[in-house]
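Below is one structure, written out as structure tokens; the observations come after it.
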Amino acid sequence: MNVLLNGETREVAGTCTLAELLASSGYAERRIAVEVNREIVPRSRHGEHRLADGDRIEIVHAIGGG
Amino acid sequence: MTALAASPLATDTLVIAGKPYRSRLLTGTGKFKDLDETRRATDAAGAEIVTVAIRRTNIGQDRDAPNLLDVLPPDRYTILPNTAGCYSADEAVRTCRLARELLDGHTLVKLEVLGDQKTLFPDVVQTLAAAETLVRDGFDVMVYTSDDPILARRLEEIGCVAVMPLAAPIGSGLGVQNRWNLLEIVDNAKVPIIVDAGVGTASDAAIAMELGCDGVLMNTAIAGAKDPVLMAHAMKLAVEAGRAAFRAGRIPRKRFASASSPIEGVI
């Protein structure tokens with residue numbers, strides 16, 4: 001199935017969890033926040049959150065700003 | 001130093017959302033050359049509260065890049081996530097909720113909702129709407145606004161923990177443009193008033209503090225200087241000097257001269 005990760009299409013297994021997607025994208029130990037379909041998924045629930053076809057995932061972090 | 005320690009200077013703290021700070025200079029972390037310069041300038045400024053922006057990660061590109069929060073760790077600095085780049089209340093609220101998740105439940109945010117890209121003036125209607133939602137949602141809101149005394153009062157009534165009027169447009173470096181409005185805002189306020197945006201050089205920061213503002217927040221004036229670390233140091237001194245002058249109470253302005261030395265006993 002396909003999901004949209006920060007605007008880019010990504011093919012993932014049908015059983016993929018959010019934690020698995022984050023790990024395979026290099027975000028396992030990073031300080032980030034994640035939305036799936038505009039709803040925040042708290043860090044404590046990344047492991048149990050199963051992705052669905054067409055999910056829109058946003059990963060944000062803190063950068064320099066005024 | 002003993003005299004200073006015993007004087008009210010030692011206890012002159014800025015309290016925001018119940019937390020005391022010794023520094024009244026808040027700094028941004030944007031526009032620096034690299035993270036090392038960000039760290040050195042923040043250090044020279046003596047800032048305890050630093051703003052950050054919340055942005056999408058670049059998938060696959062920043063995997064090993066150093067992270068801003070490694071350089072400015074949240075256990076040492078109060079991280080103030082902003083809503084820069086938001087043009088509606090909805091976008092700003094969404095950004096604040098993401099920031100809260102990112103920072104493990106941290107509730108202090110800098111709300112700014114901009115009106116247009118040319119002026120970067122705040123959209124005050126959207127700002128009021130976002131402030132109401134965020135306060136209801138348990139956020140401690142420090143709000144960027146125009147230098148309008150009525151609006152500042154309204155934002156305080158909503159429950160914002162600090163009101164942050166602009167001195168001049170963001171990044172303009174024009175300094176305090178309407179000191180009478182700022183004075184009125186300060187006189188009416190029960191929450192800290194922090195000048196946010198428009199400072200160009202040290203004297204601008206000193207003027208804001210001499211007017212009685214509780215602090216100054218700046219980014220471009222430091223990051224855009226030829227020597228950002230030296231300018232950060234200058235701003236630290238200016239904010240401290242302006243604050244001390246405000247508390248000392250300046251002499252009244254007079255139209256005519258008044259001799260400093262005694263007139264009697266002149267030979």
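The values are calculated or read from the model by the stated rules, or taken from the named source; none is laboratory data. These numbers come from a predicted model, not from an experiment. Glycine also receives a Cβ, built like all others from the backbone with ideal geometry; neighbour counts cover every protein chain displayed. When the accessible area is computed, the model is the full protein with side chains, heavy atoms only, and any ligands, DNA or RNA have been set aside. Shrake-Rupley method; radii C 1.70, N 1.55, O 1.52, S 1.80 Å.
Computed values, structure above
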read-out: Shielding score for B:48-54, defined as the mean number of other chain Cβ atoms within 10 Å; value: 4
read-out: On Cα atoms only, tilt of B:149-158 relative to the major axis of chain B in degrees; value: 50
read-out: Total formal charge among the other residues, if their Cβ is under 15 angstrom from that of A:Thr17, Lys/Arg +1 and Asp/Glu -1; value: 0
read-out: Whole-number accessible area per residue in Å² for the range B:74-207, which is evaluated in the context of all protein chains at 1.4 Å; value: 40
read-out: In sequence order, calculated HN-Hα J values of the range B:122-130 (Karplus, 6.51, -1.76, 1.60; Hz; x Gly/Pro); value: x, 8, 5, 5, 5, 4, 4, 5, 5
read-out: Tilt relative to chain B, helix B:35-45 - C-alpha long axis, 0 to 90 degrees, to 10; value: 30
read-out: For the range B:27-248: rounded, prolate or oblate by the Cα gyration tensor [a/c cutoff 1.5]; value: oblate
read-out: Value of [θ]222 nm, deg cm²/dmol, for chain A, DSSP H segments ≥ 4, -39500 (n - 2.57) each, nearest 500; value: -2500 deg cm²/dmol
read-out: Cα gyration tensor category, rounded, prolate or oblate, for the protein assembly as shown with a/c compared to 1.5; value: prolate
read-out: Between B and A, accessible area buried - total, square angstrom, nearest 100, 1.4 angstrom probe; value: 2700
read-out: For the range B:15-142, with +1 on Lys and Arg beta carbons and -1 on Asp and Glu, the positive-most of B:Leu98, B:Leu111, B:Ile49 along the dipole; value: B:Ile49
read-out: Net charge dipole size for the range B:27-248 [Lys, Arg +1 and Asp, Glu -1 on Cβ; Debye, nearest 20]; value: 200
read-out: Lys pairs under 26 Å by Cα in chain B, provided they are eight or more residues apart or on distinct chains; value: 17
read-out: Over chain B, relative contact order from alpha-carbon pairs under 8 Å, at least 6 apart, %; value: 18
read-out: In degrees, nearest ten, helix B:228-248 long axis to first principal axis of chain B (Cα); value: 50
read-out: The protein assembly as shown: antiparallel DSSP beta bridges as a percent of all, rounded to 5; value: 45
read-out: Inter-label distance for A:Arg56 and B:Tyr87, nm, one decimal - labels placed 7 Å from Cα along Cα-to-Cβ; value: 1.7
read-out: Test item: Cα-centred dipole of the protein assembly as shown, Lys/Arg +1 and Asp/Glu -1 on Cβ, debye; value: 820
read-out: Pairwise label distance in nanometres, B:Asp36 with B:Arg253, each label 7 Å out on the Cα-Cβ vector; value: 4.7
read-out: Sum of side-chain charges, A:His49 neighbourhood, beta-carbon under 12 Å (Lys, Arg +1; Asp, Glu -1); value: -2
read-out: Shape call, the range A:2-61: gyration tensor on alpha carbons, a/c limit 1.5; value: rounded
read-out: Set of the range B:86-105 residues, backbone N closer than 16 Å to the point 7 Å along the Cα-Cβ line of A:Glu39; value: B:98
read-out: With every protein chain in place, chain B: carbon and sulfur % of accessible area (1.4 Å); value: 53
read-out: Dipole of the protein assembly as shown, positive end: most advanced residue of B:Ala167, B:Ala223, B:Ser88 [Cβ charges, Cα centre]; value: B:Ala167
read-out: Residues B:Ser146 and B:Thr11, FRET efficiency given R0 of 35 Å [Cβ-Cβ distance, rounded to 0.05]; value: 0.60
read-out: Residue-count net charge about B:Leu120 - beta-carbon cut-off 12 Å; Lys, Arg +1, Asp, Glu -1; value: -3
